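Here the structure is laid out as structure tokens; the discussion comes afterwards.
Only the coordinates and a few stated rules stand behind these numbers; no lab work does. This structure is a prediction, so every number in the text was calculated from the model and none was measured. As a convention, Cβ positions derive from the backbone with ideal geometry for all residues, glycine included, and neighbour counts pool all protein chains shown.
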Amino acid sequence: MKMILYFIPVIMMFLSCSNGNSSSEGKIPALIPAPVSISMLTGDFVFTKNSNIIIPSLDAETRLAADFLAQLINNPTGLTPDVSAGTKARKRSVFMSFDTAVKNDEGYILTITPKRIAIQAKTAVGFFYAVQTIRQLLPVEVENKKVIEGMALSVPACIVRDEPRFIYRGMHLDVSRHMFPVATIKDYIDMLALHKMNTFHWHLTDDQGWRIEIKKYPKLTEVGAFRKETIVGHAGKPPFKYDGTPYGGFYTQDEVKDVVAYAKSRFITVIPEIEMPGHAMGALAAYPELSCTGGPFEVNPKWGVMPDVFCAGKEGTFAFLQDVLTEVIDLFPGTYIHIGGDECPKTRWEKCPLCQKRIKDNGLNDENELQSWFVQRMEKFLISKGRKLIGWDEILEGGLAPEATVMSWRGTKGGIAAAKQKHDVIMTPSSSVYLDYYQCEPAGEPLAIGGYLPLEKVYAYNPMPEELTPEEQKHILGVQGNVWTEYIPTSEHMEYMAFPRAFAIAETGWTPDRLKDFEDFLARLEVLKKRYDAAGINYFRGEYRNMRVAAEKK
Ligand code: ACM
Ligand code: ZN
């Protein structure tokens, strides 16, 4: 048995690897995220027509990993590995078993020898992540459904012991500013699964379009999902130029169910975001009576923050939002519902008699406390339905709702403050994980919102704030990258901005900090690129290093 400890930097090793796996003996395979440990053994396991998959039981969840692996094998070979329940390993087979030796819910031990593959895990999730590791060890041909005559599939013998650093590893996607076909959303989810991320945050409503069918309020999609045109270029100073082309669309409830089911089959929870009290023009264009002034409004053709928001003084606002959330809750089985809460100007509330009455009646000091009251009311509703509220870090202003989880986006201050108040936090600071920022020098790049966030800078981010005590640190659930789409009109462009920076975030969420190494990540990425090519993903292929730091060093 030849043992090679993981984490010898492997840069040059991989550049010569052509097929995305590493069957030649001893080489450490290119895995993203890097596992906690990997030891190479001698030889390869070869999948044949006799290779079947044995799992502890045939219940739907336990089957997922086995069916996923069977499909991967089937794709280029046409083989149909049998999936059966059993407690004994067989030669030439993949044997999955629940094992108390694995302590982490998402952890696994993967043992590949020339004779068999064994996966031990505490839960079905662990089986699935082991299969994603196997997927990265398999030739890239497994990524598309084209049978190749005589195709042999093998994986190098090794032992991988693995578990995530954080329980929350997410990617967000804004489909309000621009929307993407269900097929693109599924590809996005699949890339998250490949890299062991477990959450897809779907930003479904905003000023520029409401994108989810709500049966009780048909105008949300008849009116709120369409804008008459879109601003051209940056929404800085006037005069503004518009493209004159109507833009819009929405996801039907059946499509939403399809996406949620697809994500579930990859152990990804979808968190829907329904923005309130601000970023509400999609809803207010359809139902202007929910605003302070009564409108009329249009779905916004321009980017930015709008003064008109949901009126906090009207009972009708809450009846509407609770009805909407009731349908949303039925569609999304996950624990969390995101209510936005960011960038809500208070100018209308300051002048609105009903909002002012609400402040007075409830003994509130100001409009910030009114927003907090608003969010707390929504939280009570969500809790009554057995769900938990997430909001952007503005929900700290005026006081946090008692059980709220905070997404820290304006840097890390909000997250630190929330953790100190014993609230759970997801770190998503714009300076490190906003993937709508330029990923290299802007010259020659498609127009982006601004910023400069090369892969190296994304990779360097450590979501765990040092200023927190160990007890407070337990409230940092994890990390998420955000893809805002004002300047991202197509699926190809969206993938170009998201990938590979999202893969760096996946590694930050999974791999122990002590094992992170950017040059090594780059080397592994070089190998995995062939897999992304095979999967038809349009990732960014330019300069990944932080050239501004390099320039400063000179
Ligand atoms: C945000 O970027 N407005 C959360
Ligand atoms: Zn009002």
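State the answer as a single residue: which of N50, T326, Q356 lies farthest towards the positive end of the charge dipole of the chain, with beta carbon charges of +1 for Lys and Arg and -1 for Asp and Glu, about the Cα centre.
Highest projection toward the positive end goes to N50.
Looking at the chain, do any whole DSSP H helices span at least 30 angstrom along their long axis by alpha carbon and average 0.5 or above on Kyte-Doolittle, and which? Provide the component values of the computation, followed by the final result.
On the way: long enough: none.
None clear 30 Å together with a mean of 0.5.
From Cα coordinates alone, what are the radius of gyration and Dmax values for segment 281-354 in angstrom?
Cα radius of gyration and Dmax of segment 281-354 are 13.3, 39 Å respectively.
Taking a 21 Å limit on the Cα-Cα distance, which of the listed pairs K186/K216; K49/K196; K264/K388; K216/K257 fall beyond it? The partial results should precede the final answer.
Working: K186/K216 27 Å; K49/K196 28 Å; K264/K388 19 Å; K216/K257 17 Å.
Beyond 21 Å: K186/K216; K49/K196.
When only Cα pairs under 8 Å and 6 or more residues apart are kept, what is the percent relative contact order across the chain? Intermediate values should be presented prior to the final figure.
Working: 1275 pairs, mean separation 84.9, N = 554.
Relative contact order for the chain comes out at 15 percent.
Hey, what D do you get for segment 152-248 in µm²/s if you plug the Kirkwood alpha-carbon radius into Stokes-Einstein at 10 °C and 1.306 mPa s? Mind dumping the intermediate values first?
Details: Rh = 17.0 Å.
For the chosen part, D equals 93 µm²/s.
Going by C-beta contacts inside 10 Å, put H423, H203 in order with the fewest on the left.
In order of increasing Cβ crowding within 10 Å: H423, H203.
Based on C-alpha coordinates, I'd like the Rg and Dmax of segment 335-379, in Å.
Gyration radius and largest Cα-Cα distance of segment 335-379: 11.3, 36 Å.
Work out the length of the dipole vector of segment 44-174 about its Cα centre, built from +1 on the beta-carbon of each Lys and Arg and -1 on the beta-carbon of each Asp and Glu, and round it to the nearest 20 debye. Write down the numbers at each step before the final one.
On the way: 16 positive and 14 negative charges, 102 e Å.
In total the dipole reaches around 500 debye.
Please give the peptides 351-357, 457-463, 208-214 ranked by average Cβ packing (other Cβ atoms within 10 Å per residue), highest first, as a rough proxy for protection. Could the numbers behind the result be given before it?
Working: 351-357: 15.1, 457-463: 20.1, 208-214: 25.9.
Highest mean packing first, the order is 208-214, 457-463, 351-357.
Taking segment 418-487 as the region of interest, what is the percent of Cα-Cα pairs per 5 angstrom bin, listed from the shortest bin to the one with the maximum distance?
3, 17, 23, 18, 14, 11, 8, 5, 2, 0
Within the set of other residues whose C-beta is less than 9 Å from the C-beta of K216, count the net charge using Lys and Arg as +1 and Asp and Glu as -1. Don't skip to the answer; put the middle values down first.
Values: positive: K215; negative: D323, E327.
Local charge sum for K216: -1.
Just to confirm a number: summing +1 for Lys and Arg and -1 for Asp and Glu over residues other than V83 whose beta-carbon lies under 9 angstrom from that of V83, what do you get? Each step should come with its number before you reach the end.
On the way: positive: R63; negative: D67, D82.
Net local charge, V83 excluded: -1.
Compute, for the chain, the length of the dipole vector about the Cα centre, with Cβ point charges of +1 (Lys, Arg) and -1 (Asp, Glu) only. Units Debye, rounded to 20.
On the way: 63 positive and 68 negative charges, 274 e Å.
Using only the charged Cβ atoms, the result is roughly 1320 debye.
In segment 362-449, what is the volume of the convex hull around the alpha carbon atoms, normalised per residue and reported in Å³? The partial results should precede the final answer.
Values: hull volume 10.8 nm³, N = 88.
Residue-normalised Cα hull volume stands at 123 Å³.
Hey, got the dipole for segment 337-434? About the Cα centre, +1 on K and R Cβ, -1 on D and E Cβ, debye to the nearest 20? Working shown, then result.
On the way: 15 positive and 13 negative charges, 55 e Å.
Computed charge dipole of segment 337-434: roughly 260 debye.
Please report the relative contact order for segment 43-119, taking Cα pairs under 8 Å with a sequence separation of at least 6, and give it as a percent rounded to a whole number. If you can, show how the numbers build up before the last one.
On the way: 133 pairs, mean separation 29.2, N = 77.
Once normalised by length, the contact order is 38 percent.
Just the ratio, please: alpha-carbon radius of gyration of segment 113-179 over 2.2 N^0.38 Å, N its number of residues. Don't jump to the answer; show the numbers that get you there.
Numbers: Rg = 16.6 Å, N = 67, 2.2 N^0.38 = 10.9 Å.
Taking the Cα Rg and dividing by 2.2 N^0.38 Å, one obtains 1.53.
Based on the alpha carbon coordinates of the chain, what radius of gyration and maximum Cα-Cα distance (Dmax) apply, in Å?
Reported Rg and Dmax, both Å: 24.5, 78.
What's the ranking of 272-282, 332-342 by average number of surrounding C-beta atoms within 10 Å, highest first?
Order by mean packing, descending: 272-282, 332-342.
If you wrap a convex hull around the alpha carbons of segment 320-423, what volume per residue comes out, as a whole number of Å³? It would help to have the intermediate numbers written out before the result.
Working: hull volume 11.4 nm³, N = 104.
Measuring per residue, one finds 109 Å³ for the Cα hull of segment 320-423.
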